[in-house]
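Enquirer: First the structure, then my questions, so here it is.
The values are calculated or read from the model by the stated rules, or taken from the named source; none is laboratory data. A quick note: this is a predicted structure, and the numbers were derived from the prediction, not measured. Here the Cβ positions follow ideal geometry from the backbone for every residue, glycine too, while neighbour counts run over all protein chains shown.
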Amino acid sequence: MPLSSRANELLQAFDQPGCSVCRLTAGSVHNYLGSLMYEYVNEPPTHMAVRAARGFCPTHAWHIQEQINASGLGIAVLYEGLVRNLLKDMGEVKPDSGRRQIVQAAGALKANGPCPACTHRTIVEEHLIRNLLEGLENAEFVEAFRRSSGICLEHLRQALNNNGSSSSKALLTSIQQDIWAQLQRDLAEYIRKNDYRFASEPMGDEGTSPRRAIEQMAGAKDIR
Ligand SMILES: [Zn+2]
Ligand SMILES: [Zn+2]
């Protein structure tokens, strides 16, 4: 069975450390935020979505601030409207305002929609997971996945809740269990070599196991 272009991207990502679904998702979210800030920052739907969400979630707001170059003007344009509407919806609260005004202000702080970048991430994750499960019907893809770092806990969760075939899910899970079994042995070996009696033994692959454990259980940094 020939691989889709998404499955081919996964195949390339298998050579890199960490969860491949996280890696490709993070790249896609970065591109999405870049084009949103450069090309769509003046579009009404962008403003509506950002206002409804009361701004981007902390992860994506800080991603824009720190990783999208020259986004100062774009941030100003989006957030000026956001803050103006937030103040309008809260209503003016004065030091002697009553309970009714506090309740109105409190209600206006709540988001009426999801962070647009989180919505984009969910769509991309689902698409990648579907292509991962379909790719596992291809022998070359299976071998490459077996040699990879596998996927993170959250992405395995998503894969097993996906509509994909049971045979692909079983294959995925069994390979992932082999990868986690190796991780667990590496962690045990790392602990052993930290014992002063064995401290003279050089570290091997287990030297990276604490970081791999974080990656495998939490997913990529800043993914959510
Ligand atoms: Zn992941
Ligand atoms: Zn977000």
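Enquirer: Please find, among 50, 77, 83, the residue that is more than 26 Å from residue 122 (Cβ to Cβ), in a helix (DSSP H, G or I) and not aromatic (Phe, Trp, Tyr).
Expert: Testing whether each residue is more than 26 Å from residue 122 (Cβ to Cβ), in a helix (DSSP H, G or I) and not aromatic (Phe, Trp, Tyr) leaves just 83.
Enquirer: Determine whether residue 8 is more than 30 Å from residue 132 (Cα to Cα), surrounded by fewer than 18 Cβ atoms within 10 Å (Cβ to Cβ) and not hydrophobic (A, V, I, L, M, F, W, C).
Expert: no
Enquirer: Could you tell me how many of the residues in region 141-163 are touching a helix residue (DSSP H, G or I) at 6+ places or on another chain (Cβ under 9 Å), surrounded by fewer than 22 Cβ atoms within 10 Å (Cβ to Cβ), touching a residue at least 60 places away in the same chain (Cβ under 8 Å) and more than 23 Å from residue 59 (Cβ to Cβ)?
Expert: 3
Enquirer: Among the numbered criteria (1) more than 23 Å from the chain's Cα centre (by Cα); (2) of a type in the set (Ser, Thr, Tyr); (3) surrounded by fewer than 17 Cβ atoms within 10 Å (Cβ to Cβ), which single criterion is violated by residue 190?
Expert: Here residue 190 clears every test but (3).
Enquirer: Quickly run through region 1-25 and pick out the residues that are modelled with pLDDT of 95 or more, more than 16 Å from ligand 2 (Cβ to nearest atom) and either in contact with a Cys (Cβ under 6 Å, 6 or more places away or on another chain) or among the hydrophobic types (A, V, I, L, M, F, W, C) (or both).
Expert: Once the filter is applied, which keeps residues that are modelled with pLDDT of 95 or more, more than 16 Å from ligand 2 (Cβ to nearest atom) and either in contact with a Cys (Cβ under 6 Å, 6 or more places away or on another chain) or among the hydrophobic types (A, V, I, L, M, F, W, C) (or both), region 1-25 yields 10, 11, 13, 14, 19, 21, 24.
Enquirer: Which condition number does residue 84 fail, the rest of (1) surrounded by 13 or more Cβ atoms within 10 Å (Cβ to Cβ); (2) more than 16 Å from ligand 1 (Cβ to nearest atom); (3) among the charged types (D, E, K, R) being met?
Expert: Only one criterion is unmet by residue 84, namely (1).
Enquirer: Now, a different point. Out of 71, 28, I need the residue that is surrounded by 13 or more Cβ atoms within 10 Å (Cβ to Cβ), within 16 Å of ligand 2 (Cβ to nearest atom), hydroxyl-bearing (Ser, Thr, Tyr) and modelled with pLDDT under 95. Which one?
Expert: It is 71.
Enquirer: Can you give me the number of residues within region 201-224 that are in a helix (DSSP H, G or I) and surrounded by 16 or more Cβ atoms within 10 Å (Cβ to Cβ)?
Expert: Adding up the residues that qualify gives 6.
Enquirer: I'd like to verify a number: residues in region 15-44 that are in a loop (DSSP other than H, G, I, E, B), within 13 Å of ligand 1 (Cβ to nearest atom) and either more than 18 Å from residue 140 (Cα to Cα) or touching a Ser or Thr at 6+ places or on another chain (Cβ under 7 Å) (or both), how many? Steps first, please.
Expert: In the first step, residues of region 15-44 are kept if they are in a loop (DSSP other than H, G, I, E, B); the result is 15-19, 39-43.
Then drop every residue that is not within 13 Å of ligand 1 (Cβ to nearest atom), which leaves 16-19.
Next, from what is left, pick out any that are either more than 18 Å from residue 140 (Cα to Cα) or touching a Ser or Thr at 6+ places or on another chain (Cβ under 7 Å) (or both): 17-19.
Residues flagged as in a loop (DSSP other than H, G, I, E, B), within 13 Å of ligand 1 (Cβ to nearest atom) and either more than 18 Å from residue 140 (Cα to Cα) or touching a Ser or Thr at 6+ places or on another chain (Cβ under 7 Å) (or both) within region 15-44 amount to 3.
Enquirer: Same structure again: Hand me the list of helices (runs of 4 or more DSSP H) wholly inside region 98-182 holding 2 or more residues that are more than 16 Å from ligand 1 (Cβ to nearest atom), aliphatic (A, V, I, L, M) and closer than 30 Å to residue 53 by Cβ.
Expert: The qualifying helices (runs of 4 or more DSSP H) are 99-109.
Enquirer: Which pairs turn up if I take residues in region 185-212 that are touching a residue at least 40 places away in the same chain (Cβ under 8 Å) and look for partners that are in a helix (DSSP H, G or I) with beta carbon separation below 7 Å, at least 6 apart in sequence or on another chain?
Expert: 212/183
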